[in-house]
Amino acid sequence: MPETTMGNLYTVSAPSGAGKTSLVRALIERRQDLVVAVSHTTRPQRPGEENGVNYHFVDRPTFEHSVASGQFFEWAEVFGNLYGTGRAEVESRLQQGLDVILEIDWQGAQQVKLAVPGSCAIFIVPPSLESLRERLTGRGQDDSNTIERRMADAKNELAHWRDADFIVLNDDFDRALLDLESIIRSQHLRRDHQANRLADTLSELGSG
């Protein structure tokens with residue numbers, strides 16, 4: 001009998017407002033073998049957010065202790081707040097054969113790629129900077145100064161699209177979601193995954 005195949009690890013990066021969270025949420029609803037690792041953060045909890053669901057909310061000393069003790073798979077500072085992904089959670093899910101998505105910025109994606117070269121880096125881009133500004137303004141969450149800061153940061157983030165394995169253009173949500181799911185499906189058709197999953201079939205065909 002084939003052994004349980006390790007899950008695939010994905011990083012999904014995008015500038016704020018590009019639709020990353022909405023796309024990943026919709027993708028998770030369509031695939032039961034795919035989970036999102038809940039990140040830790042020092043930023044304040046917003047209305048409607050649930051600790052342990054949206055983020056693990058911790059104070060800075062607790063976060064820094066976790067960094068020092070090697071508990072994070074990756075971490076970065078963004079807009080003065082710390083964000084990181086717990087190593088134990090990711091490794092446990094992967095060993096269960098589940099695919100794991102990390103919603104992280106380009107800094108975290110680079111760290112993951114160095115630590116796990118076989119991970120799959122996906123970058124989501126908006127159709128234009130103007131559409132990105134419209135999305136940020138339409139959310140109604142930030143004042144004009146914050147939006148300008150996010151736009152400046154977006155330009156820096158977008159410069160790192162070359163680090164990704166796949167690029168998804170989010171000009172149409174349904175099409176972008178289909179592209180994202182196609183990437184996930186393609187990773188499951190890789191030779192190493194199929195050789196394990198189809199071990200009995202390949203053996204019977206004389207190719208085992």
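Within the range 37-52, the set of residues being assigned to a loop (DSSP other than H, G, I, E, B), without any contact (Cβ under 8 Å) to a residue 60 or more places away in the chain and of a type outside the set (S, T, N, Q) comprises Val38, Arg43, Pro44, Arg46, Pro47, Gly48, Glu49, Glu50, Gly52. In this entry, Arg87 passes the filter for residues that are touching a residue at least 12 places away in the same chain (Cβ under 8 Å), surrounded by 10 or more Cβ atoms within 10 Å (Cβ to Cβ) and either within 18 Å of Glu103 (Cα to Cα) or of a type in the set (A, V, I, L, M, F, W, C) (or both). Scanning the range 120-133 for residues that are modelled with pLDDT of 95 or more and of a type in the set (Gly, Ala, Ser) gives a single hit, Ala121.
The helices (runs of 4 or more DSSP H) falling completely within the range 53-121 that include 1 or more residues that are among the polar types (S, T, N, Q), farther than 23 Å from Trp161 by Cα and touching a strand residue (DSSP E or B) at 6+ places or on another chain (Cβ under 9 Å) map to 60-68. Under the condition of being out of contact with any Asp or Glu (no Cβ under 8 Å at 6 or more places or on another chain), within 28 Å of Val58 (Cα to Cα) and either in a loop (DSSP other than H, G, I, E, B) or hydrophobic (A, V, I, L, M, F, W, C) (or both), the residues counted in the range 1-36 number 6.
The values are calculated or read from the model by the stated rules, or taken from the named source; none is laboratory data. Since this is a predicted model, take the numbers as computed values, not measurements. Virtual Cβ from ideal backbone geometry, glycine too; neighbours counted across all protein chains shown.
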